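The values are calculated or read from the model by the stated rules, or taken from the named source; none is laboratory data. Just so we're clear, the structure is a prediction, and the values are computed from it rather than from any experiment. Here Cβ is always computed from backbone atoms with ideal geometry, including for glycine, and neighbour counts include all displayed protein chains.
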Amino acid sequence: MTDTVPKLTPEQLDIFGQELDAIRQRVLDDRGERDLDYIRRMIRIQRGLEVTGRGLLFASCIPPAWLAGVTALSLSKILDNMEIGHNVMHGQYDWTGDPALSGHGFEWDTACPSDQWRHSHNYMHHTHTNIVGKDRDLGYGILRMSEEQSWNPYYLGNPVYAVLLAVFFEWGVAMHDLEVERLGSGDIAWDEKRDLLAGIWRKASRQVLKDYVLFPILAGPQAALVLVGNATANIVRNLWTCTIIFCGHFPAGVIEFTEEETAQETRGEWYFRQLLGSANLTGGKLFHIMAGNLSHQIEHHLFPDIPAHRYGEIAVEVSELCARFGIPYNTGPLGKQFGSVVKKICRLALPDRLRGATPAPAPAAAAPPADAPHEPLLVAG
């Protein structure tokens, strides 16, 4: 953590945590038909876009139909992953009792098996947000995204790896729990990941068969155009998803932490870390929907079990609370945040001595996963 971070007393942190708890509880108590109507409307729109997109691709001998089909299918996949899948699998709608909205039963249109994502994202990332050596979302085991990560020549390729990760983001997420970097170094054996690999193979093979075999075959003479259209829609979804996620986690001003700094956290300290380790994006209503409301990444990290369409409503309260306690509230337009992320990726590719930085010590080895310290924050209760 840097010296620019405000220092709050334990008493201040307790009060800060209590006020955030009160915001969270008020929203949880207010959940109802409005929230259910919203998510069901999003599902109807997503399905309509998918049917429209695939239908237009079947008529892709007409160039405008191909472009319109790719656009509709891309929007469908973005909604499925961001506004529906991500939020439903956080347990935001478990309270409804609807099996279709069960956080533990939902499966999404992407290569990563939902059960593996729930572990790597819901548990590991949201519990250990921005803790170097524990939060594998810090660079996804591929990039150097923190000064605390020791530099080595591999990181000279940081910008290239970032572009490849963005283009093939669903596959990077699918491989996340494999810990490929540790497999390559011999820290863990392939046998230890056999079950995980089997799950990835089952899910990924279904995705490949659906988009690159079944629908192209059904298109008959338009098979090649449908295959390219499906691939394009997947890449558009990957690029958009990666951009939103990176801009919520890695722009200038976001803070990383060490395991020692976060040992024995209180609830208030956990909230404090979530705020300092996140950033928001400004924009209109449609932008927030297409971002899965992860444009309100700060509120999402604070309250992952609250229906995401509520984040915009409580962002004003959270921002005002931060101002009262002198805590920075990192927000800005997409262009600004994305630009700072690109600069960070390129800057951290260079050796510390060329940047005039003090070399970072190697982070301590991650401890075996423990129970989440604030489980009520991760699962709707």
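Just to be sure before I move on: is Leu28 among the hydrophobic types (A, V, I, L, M, F, W, C), part of a helix (DSSP H, G or I), at pLDDT 95 or above and crowded, with 18+ Cβ neighbours inside 10 Å in the structure I sent?
Values: among the hydrophobic types (A, V, I, L, M, F, W, C): yes; part of a helix (DSSP H, G or I): yes; at pLDDT 95 or above: yes; crowded, with 18+ Cβ neighbours inside 10 Å: no.
Criteria not met by Leu28.
Here's the yes/no breakdown for (1) among the small types (Gly, Ala, Ser); (2) modelled with pLDDT under 95; (3) in contact with a Pro (Cβ under 8 Å, 6 or more places away or on another chain):
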| position | (1), (2), (3) |
| --- | --- |
| Ser278 | yes, no, no |
| His296 | no, no, no |
| Leu302 | no, no, no |
| Tyr311 | no, no, no |
| Gly332 | yes, no, yes |
| Ala367 | yes, yes, no |
| Ala370 | yes, yes, no |
| Glu375 | no, yes, no |
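Does the stretch 245-253 contain any residue that is free of Cβ contacts under 8 Å to residues at least 24 places away in the same chain, under 24 Å from Trp117 (Cβ atoms), surrounded by 14 or more Cβ atoms within 10 Å (Cβ to Cβ) and in contact with a Phe, Trp or Tyr (Cβ under 8 Å, 6 or more places away or on another chain)? The answer is no, given that none of the residues of the stretch 245-253 is free of Cβ contacts under 8 Å to residues at least 24 places away in the same chain, under 24 Å from Trp117 (Cβ atoms), surrounded by 14 or more Cβ atoms within 10 Å (Cβ to Cβ) and in contact with a Phe, Trp or Tyr (Cβ under 8 Å, 6 or more places away or on another chain).
The C-beta contact set for the stretch 4-16 (first residue touching a residue at least 60 places away in the same chain (Cβ under 8 Å) and within 18 Å of Pro328 (Cβ to Cβ), second residue surrounded by 10 or more Cβ atoms within 10 Å (Cβ to Cβ) and of a type in the set (D, E, K, R), distance under 8 angstrom, 6+ apart or interchain) comprises Leu13/Glu269.
For the stretch 238-261, the set of residues classified as aromatic (Phe, Trp, Tyr) and either under 17 Å from the mean Cα position of the chain (by Cα) or at pLDDT 95 or above (or both) consists of Trp240, Phe246, Phe250, listed by residue number.
If you go through the stretch 104-127 and keep only what is within 25 Å of Ser146 (Cβ to Cβ) and in contact (Cβ under 8 Å) with a residue 60 or more places away in the chain, you end up with Cys112, Gln116, Asn122, Tyr123, Met124, His126, Thr127.
If you go through the stretch 209-228 and keep only what is in contact (Cβ under 8 Å) with a residue 40 or more places away in the chain and β-branched (Val, Ile, Thr), you end up with just Val226. Residues in the stretch 335-365 that are within 21 Å of His125 (Cβ to Cβ), at pLDDT 50 or above and of a type in the set (A, V, I, L, M): Val341, Ile345, Leu348. Looking at the stretch 136-176 only, could you name the residues that are part of a loop (DSSP other than H, G, I, E, B), under 23 Å from His119 (Cβ atoms) and among the acidic types (Asp, Glu)? Asp137, the sole residue that qualifies.
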